[in-house]
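All remarks here apply to the structure that follows.
The values are calculated or read from the model by the stated rules, or taken from the named source; none is laboratory data. As the structure is a prediction and not an experimental result, all values here were calculated from the model. With ideal geometry, Cβ positions are generated from the backbone for all residues, glycine too; neighbour counts draw on all protein chains shown.
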Amino acid sequence: MFHWENGLKLTRADLAIDFCRRQPRGFISHAHTDHMARHEYALCTPETSALYQFRLGRRRTLKIPYRRPIQWGGLRLTTYPAGHCLGSAMLLAEDGSQSLLYTGDFKLGPSATAEEAELPHAEILVLESTYGHPDYRLPPREETIERLVALVRETLATGATPVIVAYVLGKAQEVTRLLADRQIPVLQQKRIYQVSRVYEACGMRLGQYELFEDRPRPGWAVLVPPGTPPLECLGREVRIAVTGWAVDNGARYRLKVDHAVPLSDHADYDQLFEAVRRVRPDKVYCTHGPESFALRLREAGHDAHPLGRPSQMTLF
Ligand SMILES: [Zn+2]
C-alpha cells in the first residue's frame, strides 16, 4: 500500500519518498531542497548522499548506486538515472507480484552533467509532471545550447559581462560544463562554486571555472543564482536566465533579465508522454503538474489520475 501526504509513502516498507519534513526513513530522489529533509536515515544514490550532506550536514545514509537492487522491508528497491541533476534517481519498488516506478524530477535525453534517464517497465507509474501542459514544448536542446553560447560570445565581444542566472544545484553546473567545453571559462558565485566542488569530488568534471570574487575578467562569463541583484563591480552586464520556464512568452520580463533561454532539466510535455510509453504502466499517478495532465493522458488511453490530494490506495 502507498499513501500520499504531500509526498509518497511506501507503507509496507515504511519509507517516505521525497518528503521535505523529517522522517524516520526517507528516500531522496535528488538533492534539491524541496525533495529532502534531515531524515533519521536516508536512502539515496552515492552522489545524492554527497550533495545532501553538503547541504544539510552529516547524516546517516544508505547509498544505492544505479541498477544495484537492495532488499528493504519486503521490497526490492532499485534506482535508475533520472537525467535531472547529478545523482538524480528514479525508484523502482517491487514486491514479487507488483511493481511501482517513482520518477522524481526527470528529463529524457542527454545532459552535460547527469546520466541519461532510464525508465524500466512498471505496473504503476508515479510521474512527476511539472510541464504537463502543451504550452511547455521545448525547442531542440542543441538549438538552445547554441543560442546560449551565441549570446555569451556576442556579449563578451561588446566588452560587457554575460551574467547567467541559473539554479545553484544542477543547472549551474550544466551551464558551466557547456560553456567550458566551448572554451568559455566561468566565474561562479560562492554557493554555486561550493556545489560544483561536490560535483567534482563525485568525479563529474566541469571544465574551467573559478570562484567569483567581485571582479570581472575579460573573456569569462559570470554565473549567479536567481535573485542576485545587479553587480556594480561588473560595469555593463547582460543577464541571461537559463530555465525551462523561458518557453513562456514574457519570461524575460518576469525574470527581469535581458534574455531567457529554455534549457530545462525537467521533461517537457512531449517527453512526459514518451516516458509513459516507455514504462508501459497499467496505471499512472501524476504529481506536481497541472491536474489537467492526467485528463490528457486518459484521453490518450491511459488509466491516469492526479495524485496530490490526501489519498490512500492499495498497491502492495
Ligand atoms: Zn529537482
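List of remarks:
- If you filter region 85-115 down to residues that are within 13 Å of the ligand (Cβ to nearest atom) and within 26 Å of Gly74 (Cα to Cα), you find that the one that is surrounded by the fewest Cβ atoms within 10 Å (Cβ to Cβ) is Asp105.
- On inspection, Thr61 qualifies as more than 15 Å from the ligand (Cβ to nearest atom) and in contact with a strand residue (DSSP E or B) (Cβ under 6 Å, 6 or more places away or on another chain).
- Subset of region 220-248 (residues that are closer than 26 Å to Gly83 by Cα and free of Cβ contacts under 8 Å to residues at least 40 places away in the same chain): Gly227, Trp245, Ala246
- Only a single criterion out of (1) within 14 Å of the ligand (Cβ to nearest atom); (2) at pLDDT 95 or above is not satisfied by Arg68, namely (1).
- Filter result (without any contact (Cβ under 8 Å) to a residue 40 or more places away in the chain and among the basic types (Lys, Arg)) within region 68-118: Arg68, Arg76
- Exclusive hit being free of Cβ contacts under 8 Å to residues at least 12 places away in the same chain, farther than 20 Å from Glu154 by Cα and in the same structural domain as Gln188 (by TED's automatic domain parsing), set Gly301, Gly207, Gly203: Gly203
- Test for Arg191: is it surrounded by fewer than 17 Cβ atoms within 10 Å (Cβ to Cβ), of a type outside the set (Phe, Trp, Tyr) and modelled with pLDDT of 95 or more: yes
- Residue that is surrounded by the most Cβ atoms within 10 Å (Cβ to Cβ) [pool: residues in region 125-157 that are without any contact (Cβ under 8 Å) to a residue 40 or more places away in the chain and more than 30 Å from Arg296 (Cα to Cα)]: Val149
- Elements of type strands (runs of 3 or more DSSP E) in region 56-168, at least 1 residues being in contact with a Lys or Arg (Cβ under 8 Å, 6 or more places away or on another chain): 70-72, 75-81, 89-94, 124-128, 161-165
- Some residue of region 212-228 being closer than 17 Å to Pro162 by Cα, in contact with a Gly (Cβ under 8 Å, 6 or more places away or on another chain) and not aromatic (Phe, Trp, Tyr): yes
- Of the residues examined, Thr79 is one that is in contact with a Ser or Thr (Cβ under 7 Å, 6 or more places away or on another chain) and either more than 16 Å from Leu119 (Cβ to Cβ) or surrounded by 21 or more Cβ atoms within 10 Å (Cβ to Cβ) (or both).
- For region 249-281, the set of residues classified as touching a residue at least 24 places away in the same chain (Cβ under 8 Å) and among the basic types (Lys, Arg) consists of Arg278, Arg280, listed by residue number.
- Within region 265-294, the only residue that satisfies the criterion of being polar (S, T, N, Q) and surrounded by fewer than 17 Cβ atoms within 10 Å (Cβ to Cβ) is Ser292.
- Ala122 vs. criteria among the aliphatic types (A, V, I, L, M) and more than 21 Å from Arg296 (Cα to Cα): no
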